[in-house]
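Scroll down for the structure; my scribbles are underneath it.
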Amino acid sequence: MTSRERILGLLDGRTPDRPGVMPITMMFAAAHAGLPYGRYALDYRVLAESQLRTAEAFGFDHVSAITETREAPDCGAAVRFFEDQPYALDEEHALLAEKSVLAGLEAPDPTAATHMRDRLLALDLLKQRAGSELVIEGWVEGPCGAAADLRGINRLMLDFYDDAAFVEDLLEFVLDLGLRFGKAQVEAGADIVGIGDPAASLVGPKIYEQRIWPYQKRLVDGLHAAGARVRLHICGNTRRILPAAGRLGCDIIDIDSLVPMADARAAAGPGPVLLGGIDPVRVLQNGTVEAVMQAVAECHNQAGPRYLLGGGCEVPPGTPRENVLAMAHYARSGAAMDP
């Protein structure tokens, strides 16, 4: 069974030969390839090469084009770039610091804009080189995160209370862009499109369900209609919003280590495949191989058979090689098939 068959079969409800391994690796992949992250984030050839080398070396079942937001810089957001760390949005000079700017803002064409087009080229290259064996994963910013990228996270949190009409206009704008970018990624070769919406964990369940969830739902449905499987990644303690997130219809939901996997399964329901749950710093980076194996086994046991191995968030770049290999070793062990 190929990795592609394994993951897509699991998402279709079939029993795979072993658990799949799909951690988020960005800085870790660049470091493994011996390349500065600044180049990884801006050059599709560096990203693709790093992902392919990392998947082969560590037994992953996918390659991913995930990086920081591509949408915001292509919209004109102020960004600070660095040689060997993620680029950062300049919130002090946020594109929509003045709300009136939104009315005249034109959404860029994902197939022509610099940063989004680079991701499309990465997916096309990954599909050419690994598409028959590995799952190819694209990525879009979720509605709350994309809105925060343009408006500034602190301003957006206040806007939820002070200017609901503006928030709705902004969410409509980023939703439309996300849908067009996601569709373009499917056309470029993505089997799965991840939705990264970390800012959604900063609001309470009421605001999440009333203001954010409807836009996430439309994004999930639109990506499904375009032919993608959908992975949802929300960092942080998502315990209070997981029941609603479980109703989005996502194929995969990432679980941060702040939420016990048993609680996540109970909240999200039996449908979605749960991924992760392993503390990326205390266990993956700073723990022993034995600690990693134990953490994976606990997450697998609590999630049940519809589970994929990975960290609660990105694998840190300083993680020991043997700790990352431990995930693939667990997946290939016979005991792993009987959670």
Looking at (1) in contact with a Lys or Arg (Cβ under 9 Å, 6 or more places away or on another chain); (2) among the charged types (D, E, K, R); (3) surrounded by 13 or more Cβ atoms within 10 Å (Cβ to Cβ); (4) over 30 Å from Ala165 (Cβ atoms), which is the one condition that is false for Asp124?
(1)
Report yes if Gly194 is of a type in the set (Gly, Ala, Ser), modelled with pLDDT of 95 or more, under 24 Å from Ile253 (Cβ atoms) and not in a helix (DSSP H, G or I), otherwise no.
yes
Considering the range 1-26 alone, what residues qualify as being in a helix (DSSP H, G or I) and surrounded by fewer than 20 Cβ atoms within 10 Å (Cβ to Cβ)?
Arg4, Glu5, Leu8, Gly9
In the range 206-259, how many are in a helix (DSSP H, G or I), without any contact (Cβ under 8 Å) to a residue 24 or more places away in the chain and within 26 Å of Ala188 (Cβ to Cβ)?
1
The listed residue being touching a residue at least 24 places away in the same chain (Cβ under 8 Å), within 20 Å of the chain's Cα centre (by Cα) and farther than 24 Å from Arg321 by Cβ, out of Thr54, Thr25, Thr69:
Thr69
Within 20 Å of Ile7 (Cβ to Cβ), at pLDDT 95 or above, touching a Cys at 6+ places or on another chain (Cβ under 7 Å) and surrounded by 15 or more Cβ atoms within 10 Å (Cβ to Cβ): does that describe Gly277?
yes
So, in the range 83-108, how many residues would count as being under 16 Å from Thr69 (Cβ atoms), of a type in the set (Asp, Glu) and assigned to a loop (DSSP other than H, G, I, E, B)?
1
Looking at the structure I just gave you, is Ala190 among the aliphatic types (A, V, I, L, M) and crowded, with 18+ Cβ neighbours inside 10 Å?
yes
Applying the selection to the range 314-329, what residues are under 29 Å from Asp197 (Cα atoms) and part of a helix (DSSP H, G or I)?
Arg321, Asn323, Val324, Leu325, Ala326, Met327, Ala328
Can you tell me which of Ala262, Ala266, Ala297 is free of Cβ contacts under 8 Å to residues at least 12 places away in the same chain and either closer than 22 Å to Ser333 by Cα or part of a helix (DSSP H, G or I) (or both)?
Ala266
Residues within the range 269-292 that are charged (D, E, K, R) and either within 20 Å of Gly236 (Cα to Cα) or touching a His at 6+ places or on another chain (Cβ under 9 Å) (or both), tallied
2
Counting just the residues of the range 270-294 that are of a type in the set (Val, Ile, Thr) and part of a helix (DSSP H, G or I), which one comes out nearest to Ala30 (Cα to Cα)?
Val281
Residues within the range 36-58 that are within 21 Å of Thr114 (Cα to Cα) and either among the hydroxyl-bearing types (Ser, Thr, Tyr) or in a loop (DSSP other than H, G, I, E, B) (or both), tallied:
8
Count, please, the residues in the range 210-247 that happen to be out of contact with any Pro (no Cβ under 7 Å at 6 or more places or on another chain), within 22 Å of Leu309 (Cβ to Cβ) and buried (at least 19 other Cβ atoms within 10 Å of the Cβ).
9
In the range 1-23, which residues are of a type in the set (A, V, I, L, M, F, W, C) and under 16 Å from Leu126 (Cα atoms)?
Met22
Every residue in the range 311-335 that is in contact with an Asp or Glu (Cβ under 7 Å, 6 or more places away or on another chain) and among the small types (Gly, Ala, Ser), please.
Gly312
Taking the criterion of being farther than 19 Å from Gly182 by Cβ, of a type in the set (D, E, K, R) and part of a loop (DSSP other than H, G, I, E, B), would at least one residue in the range 71-80 satisfy it?
no
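The values are calculated or read from the model by the stated rules, or taken from the named source; none is laboratory data. Here the structure is a predicted model, which means the values were calculated and not measured. Cβ coordinates were reconstructed from backbone atoms using ideal geometry, including for glycine residues, and neighbour counts include every protein chain displayed.
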